[in-house]
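Here's the structure, in structure tokens; my notes come after.
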Amino acid sequence: MNPVPTTRSSARLSSSAVPPDQVLFGYSDAMAEVRSWAEKIANTNIPVLLCGEGGTGKEVMARWIHSRSGFSQGEFIKVNCAAIPGNLLESELFGYEKGAFTGAHVCKPGRVELANNGTLFLDEIADLEMSLQSKILHFLQDGRFSRIGGESDRAVNVRVICATNKDLQQEIVAGNFRSDLYYRINVVRFRLPQLRERKQDIPVLAEYFRTMHGEHFGIESIPLSAEMIEYLQNSNWPGNIRELSNGMARHVLIGPEAAVGQTITSGRTTIRSHVKTAVGEVPLKRIAKAAIRELERNVILDSLRAHQWNRRKTAAALQISYRALIYKIRDAGLTSRRPVRVSTRPLERPLSQR
């Protein structure tokens, strides 16, 4: 296996970074075809549709295509169509003129305009409302649009990449997506495989994430052992690459690999022995799910203890929302270990004794 770069500049993988090619594409047959097509169309201006389950790396692939295109000097502008309410999404996309509606005190350019000479990434495009689908279609046809409240059209030169985790053809049949928009954005279509379809890439991905999270947290973690790699490659990974990244963050936070192996099962056994004893008795998917759940529970518990059960500090340290932490604490059955304050006030006598 080729060595994975571990420098600070290359060891970060976030929504604004692109990992090295050997990490992004790996060495599996499933990704070899994706890479071949991506290299052929990267430097063109044709629309690209990225499909696949959540966590398979659609945004990272979009950024890779952008970085190798003629639009790489421009901005990469992401729009999450599912995260912005429909009544606000139009103004976010196309902007508005001063006085266009109540509260529009100044002119505001939209993200389409900000992406001029760059790439516009429309994530979760299947969640666009039908009225907006029509406006997006007209924009894609001639590259022209108008701000809300504007009287003239504006022209931009934008590379458009769309992504979805839904079957758009089924959405068309259900009446939720326009067929003409589908054929406009589906010039080149990539399906990013699930992580369980590219298990031979897991070692290089896991090592990359281990290094990345180690630098992020300022922790020098022990390299992954053969036993750990065996466990990772035999896991189901319903959350795909995102779940693997989270798993490596837990590995780094816990410390040595031995600690990770011990927290995976309640019997304080190693990963290898746990897998061997379960063969023929429990489905592997159930083993992986239970192991990950137990590992997450122990990571949360360790972090809570490290922060004296301050849940807000714990949520910040684990990089999850406070609400998500509360849910996980309840789901794991964790209770506060903080000392109980005992009142020193004298008890009042019952009324019958007064």
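The values are calculated or read from the model by the stated rules, or taken from the named source; none is laboratory data. Because the structure is a prediction, the values reported are computed rather than measured. As a convention, Cβ positions derive from the backbone with ideal geometry for all residues, glycine included, and neighbour counts pool all protein chains shown.
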### Task
Among the residues of the range 180-207, write down those that are at pLDDT 95 or above, aromatic (Phe, Trp, Tyr) and crowded, with 18+ Cβ neighbours inside 10 Å.
Tyr182
### Query
Which of the residues belonging to the range 85-97 are surrounded by fewer than 16 Cβ atoms within 10 Å (Cβ to Cβ) and free of Cβ contacts under 8 Å to residues at least 24 places away in the same chain?
Pro85, Asn87, Leu88
### Selection status of Ala126, buried (at least 16 other Cβ atoms within 10 Å of the Cβ), at pLDDT 95 or above and touching a helix residue (DSSP H, G or I) at 6+ places or on another chain (Cβ under 6 Å)
yes
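From Ala100, Ala17, grab the single residue that is more than 23 Å from Thr164 (Cα to Cα), of a type outside the set (Lys, Arg) and either surrounded by 13 or more Cβ atoms within 10 Å (Cβ to Cβ) or at pLDDT 95 or above (or both). Talk me through it step by step, then tell me what you get.
On the way: Ala17 fails: more than 23 Å from Thr164 (Cα to Cα).
On inspection, the qualifying residue turns out to be Ala100.
Surrounded by 13 or more Cβ atoms within 10 Å (Cβ to Cβ), at pLDDT 85 or above and either under 14 Å from Ala332 (Cα atoms) or outside the structural domain of Ser245 (by TED's automatic domain parsing) (or both), is that true of Ile320? Steps first, answer last, please.
Values: surrounded by 13 or more Cβ atoms within 10 Å (Cβ to Cβ): yes; at pLDDT 85 or above: yes; either under 14 Å from Ala332 (Cα atoms) or outside the structural domain of Ser245 (by TED's automatic domain parsing) (or both): no.
No, not satisfied.
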### Query
Is it the case that the range 113-122 has a residue that's of a type in the set (A, V, I, L, M, F, W, C), at pLDDT below 95 and touching a helix residue (DSSP H, G or I) at 6+ places or on another chain (Cβ under 9 Å)?
no
### Query
If a residue has to be under 17 Å from Gly118 (Cβ atoms) and either free of Cβ contacts under 8 Å to residues at least 40 places away in the same chain or crowded, with 18+ Cβ neighbours inside 10 Å (or both) to count, how many in the range 34-49 make the cut?
5
### Task
Could you list all residues from the range 232-252 that are surrounded by fewer than 17 Cβ atoms within 10 Å (Cβ to Cβ), part of a helix (DSSP H, G or I) and more than 14 Å from the chain's Cα centre (by Cα)?
Gln233
### Hits in the range 211-231 (condition: over 20 Å from Leu195 (Cα atoms) and part of a helix (DSSP H, G or I))
Gly214, Glu215, His216, Phe217
### Task
Kindly provide the set of residues from the range 15-49 that are assigned to a helix (DSSP H, G or I), in contact with a helix residue (DSSP H, G or I) (Cβ under 8 Å, 6 or more places away or on another chain) and not polar (S, T, N, Q), ordered by number.
Asp21, Val23, Leu24, Ala30, Met31, Val34, Arg35, Ala38, Ile41
### Message
Quick check on my filter: what residues within the range 103-123 are closer than 21 Å to Ser134 by Cα and either loosely packed, with under 13 Cβ neighbours inside 10 Å or not charged (D, E, K, R) (or both)?
### Response
Pro109, Gly110, Val112, Leu114, Ala115, Asn116, Thr119, Leu120, Phe121, Leu122
### Summary
Subset of the range 307-317, residues in contact with a Lys or Arg (Cβ under 9 Å, 6 or more places away or on another chain) and aliphatic (A, V, I, L, M), comes to Ala315
### Task
Collect the residues in the range 50-75 that are buried (at least 22 other Cβ atoms within 10 Å of the Cβ) and touching a helix residue (DSSP H, G or I) at 6+ places or on another chain (Cβ under 9 Å), keeping them in residue-number order.
Leu50, Thr56, Gly57, Met61, Ile65
#### Entry: Test result for Tyr208, touching a residue at least 40 places away in the same chain (Cβ under 8 Å) and in contact with a Pro (Cβ under 9 Å, 6 or more places away or on another chain)
yes
### Query
Which ones in the range 148-182 are under 16 Å from Gly110 (Cβ atoms) and touching a Lys or Arg at 6+ places or on another chain (Cβ under 7 Å)?
Asp153, Arg154, Ala155
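Just the residues that are assigned to a loop (DSSP other than H, G, I, E, B), more than 24 Å from Gly150 (Cβ to Cβ) and out of contact with any strand residue (DSSP E or B) (no Cβ under 7 Å at 6 or more places or on another chain), please, taken from the range 67-111. Step through it out loud before you land on a result.
Within the range 67-111, the first condition is being assigned to a loop (DSSP other than H, G, I, E, B), and the residues that meet it are 68-75, 81-85, 97-107, 110.
Keeping just the survivors that are more than 24 Å from Gly150 (Cβ to Cβ) gives 68-73, 82-83.
Passing the criteria: Arg68, Gly70, Ser72, Gln73, Ala82, Ala83.
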